[in-house]
Amino acid sequence: MSETSQERTPQVAGELIATRRVGAYHHLTFVAPGVAELAKPGQFVALAVGGDTSANLLRRCFSIHKVSPSGTYGGTVDVVVAARGPGTRWLAGLGAHHEVNIIGPLGRPFPLPKEPVACVLVGGGYGSAPLFWLAAALRERGCHVEMILGAATEDRLFGVIEARRAADGVTVTTDDGSMGVKGWVSDVLPEVIRRSHAEVVYGCGPMAMLRSITEVAAAEGAVAQVAVEESMACGIGVCMTCVMPVVGADGQTRMVRSCVDGPVFRGDRVRWDAFESGWGRVPDDAYGAAAMRGH
Amino acid sequence: MAETPSGMLNSIGLQGPGVNDFAQNDLVWLKSVGARVLASIAGNTAGEYADVAAVLRASPAFDAVVGIEVNISCPNVANRGLVFACDPLSAAKVIALVREKLPRDIPIFAKLSPDVTDIVEIARACVNAGADGLTMINTLLGMVIDTDLLRPQVAGVTGGLSGPAIRPVAVRAIWQVRAAMLEGRIPTVPIIGVGGVRTGDDALQLVAAGASAIQVGTATFNDPSAPIRVNAELAAALQDKGFARFSDAVGIAHTRLDPRR
Ligand SMILES: Cc1cc2nc3c(=O)[nH]c(=O)nc-3n(C[C@H](O)[C@H](O)[C@H](O)COP(=O)(O)OP(=O)(O)OC[C@H]3O[C@@H](n4cnc5c(N)ncnc54)[C@H](O)[C@@H]3O)c2cc1C
Ligand SMILES: Cc1cc2nc3c(=O)[nH]c(=O)nc-3n(C[C@H](O)[C@H](O)[C@H](O)COP(=O)(O)O)c2cc1C
Ligand code: FES
């Protein structure tokens, strides 16, 4: 039982008040009283899709991009949606004033350093969405903030202009070179860490990217804090869809629920070797692995 | 996991560190908050079910346990992986062994699979072996193929189908077993209904078919308040229809058959 799951998390009918295209994404703003007030960078919301009689029962989870606790309409929550399957396409197609059932804030936020150390924030694709208010929180504590935004193509970058306001330095990469440096975020990360003497690297994006930034951070002597994107069905800790192997402080690997024990983990604690097939595995040395076999 | 029309397919398996951990930590915590626990147990062999029951029995918090649900929808390692719930002999063996390990005042419920030719036969075997009640139904075996990668979408290849999509199957299974009880073909025991319940009206279908209690699974993922909401909606529906007592509605549909049938 994690402590965060014991507080009552708000579940509200959120009215969509603004929706706009941003490159390949849809940026949605909901009035979500109670959610905004409690949220911290790195937490997420779980949205019901398709309306009250929807045949798509499972919730879709999105990082909180920003919150305004006391806007004109009450607290608002922003998310950035990549339209992929039926649920995200439904969200992307919504017009203003539609209501969407929202649960949040969920999960553990990014931990903030106690000292004003330099930090590098790395976002892959829409993975940059939660990093801007993280940057603001870090700068408030006197941290120097570098951002690296990467994506396959220019239209899949999110927030390049916002990054220039939010960070002290910004580096952009694209796989095809359509913007910034041609290559991956992990190609430029070592240099950015060295130049800024960064002690913490925050990451959000695809699993493969999180793995490589964890490796780079370790090689450069920095701590990586990564927000994982594991498939989720409920987002609130009851279905076990999102379990993944993570090493605890005692060195023991346990299968933990990424929705309540994550989504933010220390990168060096995640058992990346279990994700190689694209189907998460239970490592043989995980606590209770034998009990999970055969079922 | 894969989402399916009005449901989902899961091959999550039994995630958890095992019964020793449960008995020493979770059950103790549940007791500390005043929970009354209907614990679900599983095993790979009939003997393993009995061992699991014995570990629970030995827990310092066993008095929080009000009943045991025996999840017999697991492959029997000793019988070429055939699911216990699909074979009356294996099902009966599990129930009998578990019964021996538990005090008489702890009711045990056999949880049945709908993936059988004749669910009444399995129900009979379980009740005769000492089950005090039945839970119906577990998930249906299903499969989804990822059409981008053209490979099975869930790691277990096949998975369990749940949610409103399977509700008619649950209603049918409960109906058949309750009918057998009413006709005296098997002893009468209470049925816990589960399968596709999302609203009070859904629950009422299972009750009218013969269920004396309701579990809500997949719908909780859509609406975490579903169990409490369903309970309130069911109470309101029963009141609307003029039932003074819940038990008067249990199996009511069996008395309202079309006489021309
Ligand atoms: C903590 C977290 C933060 C996220 N933040 C964002 C974000 O800011 N912007 C964004 O566009 N997407 C984000 N995602 C991914 C997003 O949740 C999925 O893309 C979305 O749920 C897919 O829904 P669908 O209807 O398009 O696909 P479907 O394939 O129809 O989804 C079916 C089911 O699978 C689950 N699922 C499928 N793919 C994923 C996935 N990649 N991650 C989690 N669950 C999945 C869905 O939740 C749903 O329950 C995040 C995921 C997590 C776990
Ligand atoms: C994610 C998930 C995990 C489940 N795990 C178990 C389990 O461990 N033991 C069990 O007896 N049934 C398990 N079930 C089956 C449910 O208890 C229930 O019988 C079935 O899902 C039908 O009910 P529903 O449609 O309300 O979900 C699981 C179902 C789901 C969706
Ligand atoms: S998504 Fe359901 S337990 Fe984490």
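The values are calculated or read from the model by the stated rules, or taken from the named source; none is laboratory data. Note that the structure is a prediction, hence the values are computed from the model and not measured. Methodologically, a virtual Cβ is constructed for each residue, glycine included, from the backbone with ideal geometry; neighbour enumeration extends over all protein chains shown. Note: areas computed on protein heavy atoms with side chains; ligands, DNA, RNA excluded. Shrake-Rupley method; radii C 1.70, N 1.55, O 1.52, S 1.80 Å.
Things worth noting here:
- Residue that is farthest from ligand 3 (Cβ to nearest atom) [pool: residues in segment A:49-87 that are assigned to a loop (DSSP other than H, G, I, E, B) and crowded, with 24+ Cβ neighbours inside 10 Å]: A:65
- Test: residue A:156 is charged (D, E, K, R) and in contact with a Gly (Cβ under 9 Å, 6 or more places away or on another chain): yes
- Qualifying residues in segment B:1-41 (those that are in contact (Cβ under 8 Å) with a residue 60 or more places away in the chain and hydroxyl-bearing (Ser, Thr, Tyr)) - the one nearest to the other protein chains (Cβ to nearest Cβ): B:6
Here's the yes/no breakdown for (1) out of contact with any strand residue (DSSP E or B) (no Cβ under 8 Å at 6 or more places or on another chain); (2) of a type in the set (Lys, Arg); (3) touching a residue at least 24 places away in the same chain (Cβ under 8 Å):
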position: A:89; (1), (2), (3): yes, yes, no
position: A:96; (1), (2), (3): no, no, yes
position: A:104; (1), (2), (3): no, no, yes
position: A:112; (1), (2), (3): yes, no, yes
position: A:115; (1), (2), (3): yes, no, no
position: A:123; (1), (2), (3): no, no, yes
position: A:130; (1), (2), (3): no, no, yes
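- Flag: residue B:192 matches the condition of being closer than 30 Å to residue A:11 by Cβ, surrounded by 19 or more Cβ atoms within 10 Å (Cβ to Cβ) and in contact with a strand residue (DSSP E or B) (Cβ under 6 Å, 6 or more places away or on another chain).
- Taking segment B:6-26 as the range and being touching a helix residue (DSSP H, G or I) at 6+ places or on another chain (Cβ under 6 Å) and surrounded by 21 or more Cβ atoms within 10 Å (Cβ to Cβ) as the test, the residues that pass are B:7, B:19, B:23.
- Residue A:41 being under 18 Å from the mean Cα position of the chain (by Cα) and within 12 Å of ligand 1 (Cβ to nearest atom): no
- Within segment A:242-283, considering residues that are of a type in the set (Phe, Trp, Tyr) and more than 9 Å from chain B (Cβ to nearest Cβ), the one farthest from ligand 3 (Cβ to nearest atom): A:272
- So residue B:71, is it open to solvent by less than 30 Å² (accessible area, probe 1.4 Å) and on the phi < 0 side of the Ramachandran plot: yes
- Of the residues making up segment A:29-56, those that are out of contact with any strand residue (DSSP E or B) (no Cβ under 7 Å at 6 or more places or on another chain) and within 16 Å of ligand 2 (Cβ to nearest atom) are A:54, A:55.
- For segment A:30-48, the set of residues classified as open to solvent by 10 Å² or more (accessible area, probe 1.4 Å) and either among the acidic types (Asp, Glu) or not in a strand (DSSP E or B) (or both) consists of A:33, A:34, A:37, A:38, A:39, A:40, A:41, A:43, A:48, listed by residue number.
- Per-region count, segment B:121-142, residues more than 11 Å from residue B:177 (Cα to Cα) and either small (Gly, Ala, Ser) or in contact with a Gly (Cβ under 6 Å, 6 or more places away or on another chain) (or both): 8
Residue-by-condition table, conditions (1) at pLDDT 95 or above; (2) over 22 Å from residue B:223 (Cβ atoms):
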| position | (1), (2) |
| --- | --- |
| A:1 | no, no |
| A:6 | no, no |
| A:23 | no, yes |
| A:33 | no, no |
| A:37 | no, yes |
| A:48 | yes, no |
| A:58 | yes, no |
| A:65 | yes, yes |
| A:68 | no, yes |
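- Residue satisfying condition, being more than 16 Å from ligand 1 (Cβ to nearest atom), closer than 24 Å to residue B:68 by Cα and among the small types (Gly, Ala, Ser), within set B:193, B:163: B:193
- Among the residues of segment A:250-259, the one identified as within 12 Å of ligand 1 (Cβ to nearest atom) and open to solvent by 10 Å² or more (accessible area, probe 1.4 Å) is A:257.
- Residues being within 12 Å of chain A (Cβ to nearest Cβ) and surrounded by 21 or more Cβ atoms within 10 Å (Cβ to Cβ) - total across segment B:42-57: 3
- Within segment B:208-229, tally of residues that are within 14 Å of chain A (Cβ to nearest Cβ) and either within 16 Å of ligand 3 (Cβ to nearest atom) or β-branched (Val, Ile, Thr) (or both): 13
- Close Cβ contacts (under 9 Å, 6 or more residues apart or on different chains) running from residues in segment A:233-246 that are under 17 Å from residue A:211 (Cβ atoms) to residues that are hydroxyl-bearing (Ser, Thr, Tyr) and more than 6 Å from ligand 3 (Cβ to nearest atom) comprise A:244/A:258; A:245/A:253; A:246/A:253; A:246/A:258.
- Contacts under 9 angstrom Cβ, first residue in segment B:106-123 being acidic (Asp, Glu), partner not in a loop (DSSP other than H, G, I, E, B), 6 or more apart: B:115/B:83; B:115/B:85; B:115/B:86; B:115/B:140; B:115/B:141; B:118/B:176; B:121/B:88
- Verdict on residue A:53 being farther than 28 Å from residue A:202 by Cα and β-branched (Val, Ile, Thr): yes
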